[in-house]
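Here the structure comes first, spelled out in structure tokens, and everything after it is commentary.
Taken together, the values in this text are just the output of simple stated rules run on the coordinates, not laboratory data. As the structure is a computational prediction, the values presented were derived from the model and not from experiment. FYI the Cβ positions are ideal-geometry reconstructions off the backbone, even for glycines, and counts take in every protein chain you see.
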Amino acid sequence: MNKIPLTGLTPSDIVEQLSIPQSFRGKQIFKWIYSHVKDFSDMTNLSKELRDSLSEKAIIRSSSVNQVLKDPDGTIKLQIKLQDGLFIETVLLTDKNNRKTACVSCQAGCAMKCAFCQTGTLGLARNLTAGEIIEQFMYLEEEAGTLDNIVFMGMGEPLMNLESIRKAIAILSSDEGRNLSTRRITLSTCGIIEKIYDLADNGPAIRLAVSLTTADPELRERIMPVQKGNPLPELRKAIAYYANKTGRRVTLEAALLHGQNTSPESAKRMIDFAKGIDVNINLIPWNPIDTLPFEEPDSKECKNFVTALENAGLNVTLRTRRGRTIKGACGQLGKTTTEK
């Protein structure tokens, strides 16, 4: 009999799926799980009979850490093996103020096919469960201590697995779970318009980041196929709606590609797109991927692009490159085999 993984279940789910007659036991088990207990024998306020029954019917986590990679800049990448043998990656990022952020995956692979992203070359294997998403966060905490933030910015398109993400957020933000404030949670999408409205209307009210990369429709369609069904004018309306509905500023992200989207005309298009909506802009110099036909922008390209946007009155951040020696930087995730 396949055992039931408990990470990703609510207290009521635990009671129902394990046929536990006392409902308060679900809350006790739930608290133990998010106290990082790894064995039922350590759940000391449960009877031995119940602990033995749990051991027979359930497992606490369904995945396992297969590989740990550490960059000299403090970035940590975990390769995680799922129960069905697939591999995903999750990354811990530490900023200059020593704030720790979990960059978690929501899918094994990705169907979006963004031309500048390693994960986009893999195709989609499947969506992750809420438990598989949460376990990434827990493994990173066990590796690096208490985390401050979580971003759904790893492998996969989060809005194409929105229900699992909603459940993961509900558990991580629960008082009885990890008690993580939704203000510390960000979801990054390549721009699925229908789902942005869904998230705005039905919550949770988390921070939203949109991978824009370019506001040139022809270039965006070439390097981001999502543009075909999600045109820029409608995407802009969805972003403005989200900002107005939630009261939270949206982040526009752009991977800067040498000679592709860094010209004065590219800057003007981005300025026109961003003007009048409540946004920050994060510029991310492209991180090299050997198999992809792009080049890193030089420092002058980056500086000129930043200056053009700032002169137009926009809030701009040029992101620091981190985690590159372990292929843990933005766009580099996607190792699906290992020597181990």
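Numerical summary
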read-out: Fewest-first sequence of Met224, Met155, Met112 by Cβ atoms within 10 Å of each Cβ; value: Met112, Met224, Met155
read-out: Part-to-part distance (alpha-carbon centres) for region 178-204 and region 55-98, which is given in Å; value: 23 Å
read-out: Gain in span if fully extended, Ala240 to Asp39, counting 0.36 nm per residue against the direct Cα distance; value: 67.7 nm
read-out: Fluctuation leader among Leu78, Leu140, Leu18 - the chain, Gaussian network, Cα springs under 10 angstrom; value: Leu18
read-out: Residues whose placed amide H lies under 5 Å from that of Ile59, excluding near-sequence neighbours; value: Ile4, Leu6
read-out: Under 26 Å from the Cα of Lys303 - lysines, other chains or at least 8 residues apart; value: Lys96, Lys268, Lys275, Lys327
read-out: Across the chain: Cys residues that no other cysteine approaches within a C-beta distance under 4.7 Å; value: Cys103, Cys106, Cys110, Cys190, Cys302, Cys330
read-out: The chain: antiparallel DSSP beta bridges as a percent of all, rounded to 5; value: 45 percent
read-out: Among (1) 32, 61, 7; (2) 30, 60, 10, 0; (3) 30, 55, 14, 1, the entry derived from the coordinates for P(r) over Cα pairs in 20 Å bins from 0, in percent; value: (3)
read-out: Cα shape, region 264-328, gyration tensor, a/c 1.5 rule; value: prolate
read-out: For region 111-153 versus region 1-38, the gap between their alpha-carbon centres in whole angstrom; value: 23 Å
read-out: Charge tally in the Cβ shell below 13 Å around Arg269, where Lys, Arg are +1 and Asp, Glu are -1, Arg269 excluded; value: 0
read-out: Average Cα contact separation per residue, region 4-59, under 8 Å, 6 or more apart, as relative contact order %; value: 37 percent
read-out: Theoretical ellipticity at 222 nm over the chain - DSSP helices of four or more residues, -39500 (n - 2.57) apiece, nearest 500; value: -9500 deg cm²/dmol
read-out: Mean separation of Cα contacts under 8 Å, 6 or more apart, over the residue count of the chain: relative contact order %; value: 15 percent
